[in-house]
Amino acid sequence: QPFDDLLSAFAQDVTTTRYATWDDLLDYCCRSANPVGRLVLRIAGYDDERLAAQSDAVCTALQLVNFWQDFAIDWRRGRLYLPLDEAERWGAQVDDLDPAHLSREWRQALEAAATRTRQLFLAGRPVCDGVSGRLRYELRVTWLGGTMILDRLAAAGFDPYHHRPSIGPRDAWPLLRRAISWRGP
């Protein structure tokens, strides 16, 4: 099933460039991101629905972080992943998307999307402690990296047009240190 889900998401990504609702976008994430986490757990020997559900939350959050991080890049390519109902909720209009300036309304919509994304990270955080060995530290670093990008998006005023949030080589040691000193929720 995970492979079928991935193929379905790949096919959808070729034809769908906008999502009307959060449900539509989350359905895509369930098929594009979540199967990867479930496969990693299975390969590592974990067959636990609780861990799988936590992994789903983290994988969806990671997919969403990528969308918010690449908001400007995707827009230039004709794609808009932020759900239109979220944009409308903040008064953001697609016609107002200008590559030189991201309006206050669009930044508010991205802030709301980032808040929702952070809630998914928090819901999935226990998977980082529910596995052992090397995978535990890999998941912690992945979780920390995703939340670090959200922090940087916030620090940039939710304007990925002018400040694309990312992590780089200089972040490796701080991420590793935080993964090793990780404390439970």
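The values are calculated or read from the model by the stated rules, or taken from the named source; none is laboratory data. All values reported here derive from a predicted model rather than from experimental measurement. We place every Cβ from the backbone using ideal geometry, glycine too, and count neighbours over all the protein chains shown. For accessibility, only protein heavy atoms count, side chains too; no ligands or nucleic acids. Shrake-Rupley method; radii C 1.70, N 1.55, O 1.52, S 1.80 Å.
Only residues that are under 16 Å from Asp74 (Cα atoms) and surrounded by 14 or more Cβ atoms within 10 Å (Cβ to Cβ) were counted in region 13-27, giving 4. Screening Gly37 on (1) over 15 Å from the mean Cα position of the chain (by Cα); (2) buried (at least 20 other Cβ atoms within 10 Å of the Cβ); (3) not hydroxyl-bearing (Ser, Thr, Tyr) shows it passes everything except condition (1).
Could you say which residue among Gly78, Gly157 is at pLDDT 95 or above and not in a helix (DSSP H, G or I)? Working first, answer last.
Numbers: Gly78 fails: at pLDDT 95 or above.
Sole residue among the options that is at pLDDT 95 or above and not in a helix (DSSP H, G or I): Gly157.
Of all the listed residues (Glu86, Glu105), the sole one being of a type in the set (Asp, Glu) and touching a residue at least 40 places away in the same chain (Cβ under 8 Å) is Glu86. Among the residues that make up region 42-58, is at least one of them of a type in the set (Lys, Arg), surrounded by 16 or more Cβ atoms within 10 Å (Cβ to Cβ), touching a residue at least 24 places away in the same chain (Cβ under 8 Å) and over 26 Å from Thr15 (Cβ atoms)? No, region 42-58 has no match at all. Filtered by the rule that a residue be open to solvent by less than 20 Å² (accessible area, probe 1.4 Å) and part of a loop (DSSP other than H, G, I, E, B), region 128-144 gives a lone residue, Val131. Can you tell me which residues in region 160-180 are aliphatic (A, V, I, L, M), open to solvent by 20 Å² or more (accessible area, probe 1.4 Å) and assigned to a helix (DSSP H, G or I)? Matches in region 160-180: Ala172, Leu176, Ile180.
Counting only residues that are among the hydrophobic types (A, V, I, L, M, F, W, C) and either open to solvent by 50 Å² or more (accessible area, probe 1.4 Å) or in a loop (DSSP other than H, G, I, E, B) (or both), region 81-98 holds 4 of them.
Take Gln54 and decide whether it is assigned to a helix (DSSP H, G or I), over 30 Å from Gly133 (Cα atoms) and of a type in the set (S, T, N, Q). Judged against the criteria, Gln54 is not a match. Please state which one of Arg125, Arg152, Arg116 is modelled with pLDDT of 95 or more, crowded, with 18+ Cβ neighbours inside 10 Å, of a type outside the set (A, V, I, L, M, F, W, C) and on the phi < 0 side of the Ramachandran plot. Unique residue meeting the criteria: Arg125.
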